[in-house]
Amino acid sequence: MLERAQEVLAGEDAWVVGGAVRDELLGRPLVDLDIACREPEAAARRYPGPVFPLSERHGAWRVALDDGRTVDFTPLPDGIETDLATRDFTINAIARPLAGGDPVDPFDGRGDLERRVLRAVAPSIFEDDPLRLLRAVRLEDELGFRLDGQTEALVQEHAALVTRPAGERILAELLRLSPAGFERLEQLGLLQPLGGSLERLRTLEDPGPEMRLVAVFEDRVSRFPVSNELRRYASALLRAEAPDEVSPRAVFRFRRTTEPWAIDAGRFLLAGEELERAIEEARRTDPAEPLLRGDELGLPPGPEIGRLLALVEEERAAGTISTRDEALELVRRSSSGDGPEAG
């Protein structure tokens, strides 16, 4: 990735900046590349991969690579030190020539890397881009750093601005936070304006990113531009009710309302390992084919077909029927009012 950028911008005034330099100095793997240069659009279009404008306002362009990594090209109108003065934290305000050479570090970012401190480049950084409030916590969380005293005071002073960025940008930062990161949001006064609470999160053991988000925001998670799948996931977890017993019938009913996320729903409800094992066993023994299909019932299309098929599935899971003939008899009795009801 870096070698290709050097070929594209050979002989030009170009600098590697931001997180790429920071991660290189920390010995972390290079994930994304951020390059400041004189003609970012032209540079991006010479790089292999889909190209699109990242910010029309700032003239930045992005190349999306096949492996999911990105290369961003940002404009450099007034020299590298002027560019670095617009960055968020000193550890991200270090640049090195793309062609090789000594870093430019006007704010002692390397010193802050050694001290493992996040320090604002300027007092206005959160007014300039309020997303940096969340980024500050995320960088603390991911890097194991800590805000210096003045920067922490700035975060708390500007906490009310945390809702201003676009929902997509807020969501991307929240999904990268660990439970400790959410605790830090609350400490700094950033969680309440976003509508979050830690009460449920604190009960969970090692939740994944999506479960953390649902635990913190519950039904308010839909205020963010989440994917349809995440919306369905949240709905499944929040609607779930722990079964009173871990019987085949109870496990079937629980799975019917929560799959394909039944295990996560059980963990969200603190329902215990017995239910989790029962779900895993039920999944393992799920029949490959249904006992009956809707067109075998001899009924006109409508909700009654779905009700009867669900009844057959439940009784099969409960072990009261196991053959096609038994399923047909169950349907006959249910249709006449003599059989069990699907719950």
Kindly provide the set of residues from the range 112-130 that are outside any loop (DSSP other than H, G, I, E, B) and open to solvent by 10 Å² or more (accessible area, probe 1.4 Å), ordered by number. 113, 114, 115, 117, 120, 127, 128
Can you confirm whether residue 141 is without any contact (Cβ under 8 Å) to a residue 60 or more places away in the chain and farther than 26 Å from residue 169 by Cα? no
State which residue is modelled with the lowest pLDDT when the search covers only the range 316-340 and only residues that are surrounded by fewer than 13 Cβ atoms within 10 Å (Cβ to Cβ) and touching a helix residue (DSSP H, G or I) at 6+ places or on another chain (Cβ under 9 Å). 338
Residue that is surrounded by the fewest Cβ atoms within 10 Å (Cβ to Cβ), among those in the range 244-273 that are out of contact with any Phe, Trp or Tyr (no Cβ under 8 Å at 6 or more places or on another chain) and aliphatic (A, V, I, L, M): 270
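In the range 20-57, which residue that is part of a loop (DSSP other than H, G, I, E, B) and touching a strand residue (DSSP E or B) at 6+ places or on another chain (Cβ under 7 Å) is surrounded by the most Cβ atoms within 10 Å (Cβ to Cβ)?
Looking at the filtered set, the residue picked out is 47.
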Collect the residues in the range 59-99 that are surrounded by fewer than 21 Cβ atoms within 10 Å (Cβ to Cβ), assigned to a loop (DSSP other than H, G, I, E, B) and within 26 Å of the chain's Cα centre (by Cα), keeping them in residue-number order. 65, 66, 67, 68, 69
Restricting to the range 229-243, name every residue that is open to solvent by 70 Å² or more (accessible area, probe 1.4 Å) and touching a helix residue (DSSP H, G or I) at 6+ places or on another chain (Cβ under 7 Å). 231, 239
Would you mind stating whether residue 199 is open to solvent by 20 Å² or more (accessible area, probe 1.4 Å), free of Cβ contacts under 8 Å to residues at least 40 places away in the same chain and assigned to a loop (DSSP other than H, G, I, E, B)? yes
Check off (1) open to solvent by 40 Å² or more (accessible area, probe 1.4 Å); (2) out of contact with any Cys (no Cβ under 9 Å at 6 or more places or on another chain) for residue 12 and give me the number that stays unchecked. (2)
State yes or no: is residue 146 touching a residue at least 40 places away in the same chain (Cβ under 8 Å), under 13 Å from residue 120 (Cα atoms) and open to solvent by 10 Å² or more (accessible area, probe 1.4 Å)? no
All conditions in (1) part of a loop (DSSP other than H, G, I, E, B); (2) surrounded by 14 or more Cβ atoms within 10 Å (Cβ to Cβ); (3) among the charged types (D, E, K, R) are true of residue 4 except (1)
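With more than 24 Å from residue 183 (Cα to Cα) and not hydroxyl-bearing (Ser, Thr, Tyr) as the only criterion, which of 50, 130 stands out?
Being more than 24 Å from residue 183 (Cα to Cα) and not hydroxyl-bearing (Ser, Thr, Tyr) holds for just one of 50, 130, which is 50.
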Scan the range 162-194 residue by residue and report those that are open to solvent by less than 30 Å² (accessible area, probe 1.4 Å) and in contact with a Pro (Cβ under 7 Å, 6 or more places away or on another chain). 162, 165, 167, 171
Do we find a residue being without any contact (Cβ under 8 Å) to a residue 12 or more places away in the chain and either over 22 Å from residue 179 (Cα atoms) or in contact with a helix residue (DSSP H, G or I) (Cβ under 6 Å, 6 or more places away or on another chain) (or both) anywhere in the range 205-228? yes
Can you list residue pairs whose Cβ atoms sit under 6 Å apart, with the first residue in the range 259-288 being over 22 Å from residue 200 (Cβ atoms) and the second being in a loop (DSSP other than H, G, I, E, B) and open to solvent by 40 Å² or more (accessible area, probe 1.4 Å)? Count only pairs 6 or more apart in sequence or on different chains. 278/246
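The values are calculated or read from the model by the stated rules, or taken from the named source; none is laboratory data. This is a predicted model, so every value here is computed, not measured. For neighbour counting, all protein chains shown are included, and Cβ atoms are generated from backbone atoms with ideal geometry for every residue, glycine included. In case anyone asks, the SASA skips ligands and DNA or RNA and just uses the protein heavy atoms, side chains included. Shrake-Rupley method; radii C 1.70, N 1.55, O 1.52, S 1.80 Å.
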